[in-house]
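Peer 1: Here it is, the structure in full.
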Amino acid sequence: ILPNKMQKAALNNLAALVNENAKRALVVSATGTGKTYLGAFAVREYQPKKFLYLVHREQIAKKSLESFYKVIGGKREDYGLLTGNKHDFNKKYLFGTIQTLSQDKVLAELEPKEFDYILIDEAHRVAAPTYQKILEHFTPKFLLGMTATPERMDKQNIYEVFDYHLAYEIRLKDALNEQMLTPFHYVGVEDYTVGDEIITETSKLKDLVAEKRVEYVLKQLDYYGYCGKKAKGLVFCSRQEEARKLAELFTQAGYRAQALTNEDSQKKRVEVTKKLENGGLEYIFTVDLFNEGIDIPSLNQIVMLRNTQSSIIFIQQLGRGLRKFPGKDYVTVIDFLGNYKNNYLIPIALNGDKSRDKDQVVRESKLPQVIDVSTINFTEVASQRILDSLEKIKLDSMRELKKSYEDLKAKLGHAPLLYDFYQYGTTAPTVFAKNHLLAHYGDFLKKMGENVELTDYQSSVLSFVTKELLFGKRPHELLLLESYLGKEKISEASYLQLLEGKNCYVNDAVLESVDKVLSLEFFDVKQGKTTKKEQYGNVPLVEKRGKYYLFSSQLLQALSDNQQFKDLFNDVIKTGLALSKEYNSNQQFTLYKQYDRKDVCRLLNWPKDVSAPMYGYRVGEKETPIFITYQKDSKKKRNARYHNTLENGHSLRWYTRTPRHIDSDEVKRLLNTKDMKLHLFVKQSDAAGKEFYYLGTAAIQKDSVKEEKIGLKQKCTVGMNLILRHPLNQAIYDLLFS
């Protein structure tokens, strides 16, 4: 047995930690990626005098003993168990259960230095008192923890227990991309509905086991199928009575099934599992019993008939079917979505999405997703149920952000910065920037109890770079600020060379725009009693003098005086440049990326932010941005106003504001300006927020231009067909227009 790619990398990292005299380490590895064999390889390399493997179930301890023996070999009598009535204290390789080892009389038989290597499987459990009792008793030379889900719902810090030494991490999405697991085909379907009654968390048992629901479920299972000639399915239910009754009803319908709950003995669990593997059963019904530890590699169907309680549990249950098995090319996952409040967690869990970015979750809910050859699809009704639940939850609330912050801080062992969130693929840094309760990330750190001392000016500067530049939609300003650090000025020639080296588009208009943004002139527009320029400190960050760009003396002084400010300032720049890689820096706008009206004003190099009075469009000298909300949320608005229609994926009917005529100055400029470039931005509805998807440039179909009367008052407008230069791909069409 040879290590796979993941195991080799983890073994190298573990060896390095051992060489550095580290005493503890944690491996995070998705279910089915070979954690047990990895542990065996690591122990074989370490060559301990005496070794302890600790787990929470006897069945797993016995199975792990066999795996270790295959890898390490040696004398069979060197391997023993510390479970139930089996107390093989003198064996070299000992495999024990937490229930047995935590007993006082058992611990009394073992010296604190009895084992020089201890491995804890399912290490996310170590915060429990029984585990802590054992850890306090023993002082091994090396302690290794292994888990697929280090995140805890009880807020215990697992990373701290292992000295923040994360030796290796491979999550579900990575494991699928590396083809270490069996691919899955997930489909989210709507649960059975009787009239207006949809299954919910509070549904009565009689509704969960109703004959019509059973017929409906069986019909879906048959329709979506499984790999192979015979079903071997695991069904997760919401409660034990439901599991038992549904197993009975399935059997009556000709699908042999049996329920297993935590009330059943270990012996019965083994018997029922073997019956499924041997073809004596087609389905096992359970509640949470199979979340972890117990494996049935031959499973070809996972059925979810319960509310998703958490992303952690969802992934644990999904993982039951992902172990590779001869002849199993894929596993079918059928999830029945009722009217559950936690439905929004499903696309988040499936995609490993911790961004808390609502737009991203909407895309994941509406569009088919692919991970290597695994697929994720939702029926239309199921998708709508996810979107409905998403509307009721605030993913970026301070409560949610605090939880994300504490999780990452627990993992790192120190307060994370924005770049840490970016690097570790957790909450998107832009979510902090969009939060109206936060001026900048330093403000958030103060709310989290961190000691952050900033002057009003420093806070204003951080607010500017965070709210205006962090998103990375144009890297030019960020690159100029980054090039300054440690200097007082940079020549225009050096800056141009820097931009060209980063493949950024450059012309006089862009350079002038960068000038106006960093001098804050772009923001010198009244917003109520003040201007954005005043809110951002009213002092230019950078001024252009002749052929040089100069940092303002006030900013230089602030960077010199306050290390906290300097760290936070650098963090925004570093994170913004990382985010800018998602955009094509060689052009103004990136196709199918999102922009709000202010972004568009800046990227069109306009001297001022005129986004507030822009509304649907603004006819410029050579460029005109057009913003279309395809579906009006209000029925009154829909009936009274514009009827935008898309035909053939590239022709969009559009209307000017009212009242307008063919000979109106604005319309004449739009139609007659030579080489007028129209930029088209579309969002599906007002509920989608302030940002629009960029659909590229468009041309006016001249013979489609005509005056039309619209609305209840029959005001005059000019309608025309806009022909997209880039016909829409299917994904963006489905997202915006279906």
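Bear in mind that the values in this text are calculations on the coordinates, not laboratory data. Everything numeric in this text was worked out from a predicted model, so none of it was measured. Cβ sites come from the backbone with ideal geometry, for glycine too, and all protein chains shown count toward neighbours.
Peer 1: Quick one: dipole size for the range 5-170, taken about the Cα centre, charges +1 on Lys/Arg Cβ and -1 on Asp/Glu Cβ, in debye to the nearest 20.
Peer 2: Details: 24 positive and 20 negative charges, 95 e Å.
So the magnitude is around 460 debye.
Peer 1: Through the Karplus equation 6.51 cos²θ - 1.76 cosθ + 1.60, θ set to phi - 60°, convert the phi angles of the range 679-696 into ³J(HN,Hα) values in whole Hz; use x for Gly and Pro.
Peer 2: Result, rounded to whole Hz: 9, 9, 10, 9, 10, 6, 7, 5, 5, 6, x, 8, 8, 10, 7, 7, 9, x.
Peer 1: Which entries in the list LYS487/LYS532; LYS358/LYS516; LYS23/LYS50; LYS473/LYS526; LYS230/LYS268 go over 21 Å, if you measure between the two C-alpha atoms of each? Intermediate results must be reported in sequence, preceding the final value.
Peer 2: Details: LYS487/LYS532 27 Å; LYS358/LYS516 32 Å; LYS23/LYS50 16 Å; LYS473/LYS526 24 Å; LYS230/LYS268 23 Å.
Violating the 21 Å limit, Cα to Cα: LYS487/LYS532; LYS358/LYS516; LYS473/LYS526; LYS230/LYS268.
Peer 1: What dipole magnitude, in Debye to the nearest 20, does the range 184-391 give about its Cα centre under +1 on Lys/Arg Cβ and -1 on Asp/Glu Cβ? Could you put the intermediate results ahead of the total?
Peer 2: Details: 29 positive and 30 negative charges, 148 e Å.
That gives the range 184-391 a dipole magnitude of about 720 debye.
Peer 1: Taking the Cβ of each residue in GLU277, GLU621, GLU282 as the centre, tally the other Cβ atoms inside 10 Å and list the residues starting with the fewest. Walk me through the numbers on the way to the answer.
Peer 2: Numbers: GLU277 15, GLU621 8, GLU282 21.
Ranking GLU277, GLU621, GLU282 by Cβ neighbours within 10 Å, fewest first, gives GLU621, GLU277, GLU282.
Peer 1: Sticking with this one: For LYS229, list the aspartates and glutamates whose Cα falls under 19 Å from its own Cα; do not include residues on the same chain fewer than 8 positions away.
Peer 2: GLU277, GLU282, ASP329
Peer 1: Moving on. Roughly how many debye, to the nearest 20, is the charge dipole of the range 438-580 about its Cα centre, given +1 on each Lys and Arg Cβ, -1 on each Asp and Glu Cβ, and no other charges?
Peer 2: Details: 18 positive and 20 negative charges, 47 e Å.
Charge dipole, the range 438-580, about its Cα centre: 220 debye, nearest 20.
Peer 1: Would you tally the net charge around TYR164, using a Cβ to Cβ cut-off of less than 14 Å, leaving TYR164 out, and scoring K and R as +1, D and E as -1? Mind dumping the intermediate values first?
Peer 2: Working: positive: LYS23, ARG24, LYS409, LYS411; negative: GLU20, GLU160, ASP163, GLU169, ASP407, ASP420.
The answer is -2.
Peer 1: Something else about it: Given the pairs LYS366/LYS713; LYS105/LYS411; LYS502/LYS674; LYS63/LYS232, which span a C-alpha to C-alpha distance of over 27 angstrom in this model?
Peer 2: Violating the 27 Å Cα-Cα cut-off are LYS366/LYS713; LYS105/LYS411; LYS502/LYS674.
Peer 1: If I take every Cα pair under 8 Å that is 6 or more residues apart in the chain, average their sequence separation and divide by the length, what percent do I get for the relative contact order?
Peer 2: Numbers: 1282 pairs, mean separation 63.7, N = 738.
Reported relative contact order: 9 percent.
Peer 1: Give the long-range amide H neighbours of GLY228: residues separated by 5 or more places, or on another chain, with amide H under 5 Å away, using H modelled in the peptide plane at 1.01 Å from N.
Peer 2: none
Peer 1: Can you list residues whose amide H is under 5 Å from ILE170's amide H, if they're 5+ apart or on another chain and H is modeled 1.01 Å from N?
Peer 2: Here the answer is VAL28, SER29, ALA30, since their amide H atoms fall under 5 Å of that of ILE170.
Peer 1: Among 213-224, 70-81, how do they line up by average Cβ neighbours within 10 Å per residue, starting with the highest? Present the calculation step by step, with values, prior to reporting the outcome.
Peer 2: Values: 213-224: 16.1, 70-81: 14.1.
Packing order, densest peptide first, comes out as 213-224, 70-81.
Peer 1: Report the local net charge at GLN301: Lys and Arg +1, Asp and Glu -1, summed over other residues whose C-beta lies under 15 Å from its C-beta.
Peer 2: Working: positive: LYS219, LYS229, LYS230, LYS232, ARG256, ARG320, ARG323, LYS328; negative: ASP222, GLU277, GLU282, ASP329, ASP335.
Counting the neighbours of GLN301, the net charge comes to +3.
Peer 1: Let me ask another. Across the range 533-538, in residue order, what do the Karplus-derived ³J(HN,Hα) couplings come to in whole Hz, using 6.51 cos²θ - 1.76 cosθ + 1.60 with θ = phi - 60° and x for Gly and Pro?
Peer 2: 4, 5, 5, 8, x, 6
Peer 1: Still on this structure: Under the 0.36 nm per residue contour assumption, what length would be gained going from the current alpha-carbon distance of LYS709 and LYS62 to full extension? It would help to have the intermediate numbers written out before the result.
Peer 2: Working: separation 647, 0.36 × 647 = 232.92 nm, distance 7.94 nm.
Full extension of this stretch gives 225.0 nm more.
Peer 1: Sticking with this structure for a sec: Can you give me the long-range amide H partners of ILE628? Hydrogens built in the peptide plane at 1.01 Å from N, cutoff under 5 Å, separation of 5 or more residues or another chain.
Peer 2: Those lying under 5 Å, H to H, from ILE628 are PHE681, VAL682, LYS683.
Peer 1: Another question about this same structure. Applying a 10 Å radius around every beta-carbon, put 46-52, 116-122 in order of their mean neighbour count, most first.
Peer 2: Details: 46-52: 17.3, 116-122: 23.3.
Top to bottom by mean Cβ count within 10 Å: 116-122, 46-52.
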